[in-house]
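The values are calculated or read from the model by the stated rules, or taken from the named source; none is laboratory data. Because the structure is predicted, anything quoted here is derived from the model rather than measured. Using ideal geometry, Cβ is built from the backbone for each residue, glycine included, and neighbour counts are taken over all protein chains shown.
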Amino acid sequence: MTDTQAQTPTTWLNRPVPSIKRDRIVQPSAVETEPSTECPNCHTLTTNTSLIFNQYVCPDCDHHLTMSARKRLAWFFDSITGELGQNYQAGDPLKFTDSKPYPLRMSEAQKTTGESEALIVMNGKIKNLELIACAFDFKFMGGSMGSVVGDRFVMAGEKALAERKPLVCFASSGGARMQEGLLSLMQMARTSAVIERLRLAGVPYIVVLTNPVYGGVTASLAMLGDVHIAEPRAMIGFAGKRVIEQTVREVLDEPFQRAEFLLDKGTVDMVVHRHELVDTVYRLLTKMMKLPNVS
């Protein structure tokens, strides 16, 4: 008998027991545990914390995401000394009703954004330079320009004129507010008039065109600056692409109405990345006002 045959036969008492394999514990990623935002361009999820530190620019595709007016001004200024125009509140002069009454639309926009109107105006400093800046909030009824928006912009222009401080406007709008009819169209003339007074007095006015800028805002305050800066790939125009295509009976392909296309055609002066925007505006203002450039 061989040694192999002499071995004890295998029974259920001495059979080999397979070991239990533990599944490897996978740690959840940051986008699974923290509030995140999906990039509308590349659809990558990025944590809100990362977006804030990257100034709401997608770290994967460099797409410039929308910023609210208050966040934009808080990012733009080194220090804020005050807010202007909060005493202006919209009424309902025309008793306008489409699918909803105008006061109800205003109330919904105020609850959604936490703002009282589509334009925010603040006074503050960038390095050694005091200035006034205003920003449109596109989430507030499409950044539409009504009477209160006109009032706040005119107040900002008059304060800049009186104190000889430069004025910067971050434009993002769908145009005039139809619920106020002719009263909203009148704001085009009012804002244009105060900008002309700034020009005659030699007070700088810089416009930063963000995505998107259309309608009556483009036809007035957004295109009357001393310098026009656009963020990359911002959509800028008077009428929308669909309306123009229906009018001229032609298909308008990319990059029609993009910031880079308008730069090539001479409509805007420069296209500046958001990371370089503050330094660019500061450098331009110091040159225009003949002030020392503090690095």
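When you look at residue 270, is it in contact with a Leu (Cβ under 8 Å, 6 or more places away or on another chain) and either among the hydrophobic types (A, V, I, L, M, F, W, C) or under 21 Å from residue 245 (Cα atoms) (or both), yes or no? Yes; evaluated as a whole, the condition is true for this residue.
Scanning segment 152-165 for residues that are surrounded by fewer than 24 Cβ atoms within 10 Å (Cβ to Cβ) and touching a helix residue (DSSP H, G or I) at 6+ places or on another chain (Cβ under 8 Å) turns up 154, 158, 161, 164, 165.
The single condition among (1) out of contact with any strand residue (DSSP E or B) (no Cβ under 9 Å at 6 or more places or on another chain); (2) surrounded by fewer than 16 Cβ atoms within 10 Å (Cβ to Cβ) that residue 66 does not satisfy is (1). Can you tell me which residue among 176, 193, 171, 222 is over 24 Å from residue 124 (Cβ atoms), under 21 Å from the mean Cα position of the chain (by Cα) and in the same structural domain as residue 123 (by TED's automatic domain parsing)? On inspection, the qualifying residue turns out to be 176.
How many residues are over 8 Å from residue 230 (Cβ atoms), within 16 Å of the chain's Cα centre (by Cα) and part of a loop (DSSP other than H, G, I, E, B) if we restrict to segment 260-283? Write out each step before concluding.
Initially, segment 260-283 is screened for residues over 8 Å from residue 230 (Cβ atoms), giving 260-261, 264-267, 269, 273-283.
Right, trim to within 16 Å of the chain's Cα centre (by Cα) and you get 273-278.
In the following step, the residues that additionally are part of a loop (DSSP other than H, G, I, E, B) were identified as 273.
Qualifying residue count for the region: 1.
Residue count for segment 190-224 under the criterion of being part of a loop (DSSP other than H, G, I, E, B) and among the aromatic types (Phe, Trp, Tyr): the result is 1. If the condition is being out of contact with any strand residue (DSSP E or B) (no Cβ under 9 Å at 6 or more places or on another chain) and hydroxyl-bearing (Ser, Thr, Tyr), then segment 156-208 contributes only 192.
Restricting segment 40-97 to residues that are at positive phi and without any contact (Cβ under 8 Å) to a residue 12 or more places away in the chain, the residue that is nearest to the chain's Cα centre (by Cα) is 43. Output the residues belonging to segment 199-257 that are farther than 24 Å from residue 274 by Cβ, of a type in the set (Ser, Thr, Tyr) and buried (at least 19 other Cβ atoms within 10 Å of the Cβ). Residue satisfying the conditions is 220 alone. Only residues that are buried (at least 22 other Cβ atoms within 10 Å of the Cβ) and charged (D, E, K, R): list them for segment 172-197, please. Once the filter is applied, which keeps residues that are buried (at least 22 other Cβ atoms within 10 Å of the Cβ) and charged (D, E, K, R), segment 172-197 yields 177, 180.
Looking only at segment 225-241, which residues are in a loop (DSSP other than H, G, I, E, B) and under 19 Å from the mean Cα position of the chain (by Cα)? Before you say what the answer is, go through the steps one by one.
First, the residues of segment 225-241 that are in a loop (DSSP other than H, G, I, E, B): 225-226, 231-234, 237-240.
If the condition is that a residue be in a loop (DSSP other than H, G, I, E, B) and under 19 Å from the mean Cα position of the chain (by Cα), then 225, 231, 232, 233, 234, 237, 238, 240 are the ones that fit.
Determine whether residue 110 is under 27 Å from residue 52 (Cα atoms) and part of a helix (DSSP H, G or I).
Numbers: under 27 Å from residue 52 (Cα atoms): yes; part of a helix (DSSP H, G or I): yes.
Judged against the criteria, residue 110 is a match.
Residues in segment 113-133 that are touching an Asp or Glu at 6+ places or on another chain (Cβ under 9 Å), part of a loop (DSSP other than H, G, I, E, B) and either among the hydroxyl-bearing types (Ser, Thr, Tyr) or surrounded by 19 or more Cβ atoms within 10 Å (Cβ to Cβ) (or both): 117, 118.
Counting only residues that are touching an Asp or Glu at 6+ places or on another chain (Cβ under 8 Å) and β-branched (Val, Ile, Thr), segment 210-243 holds 3 of them.
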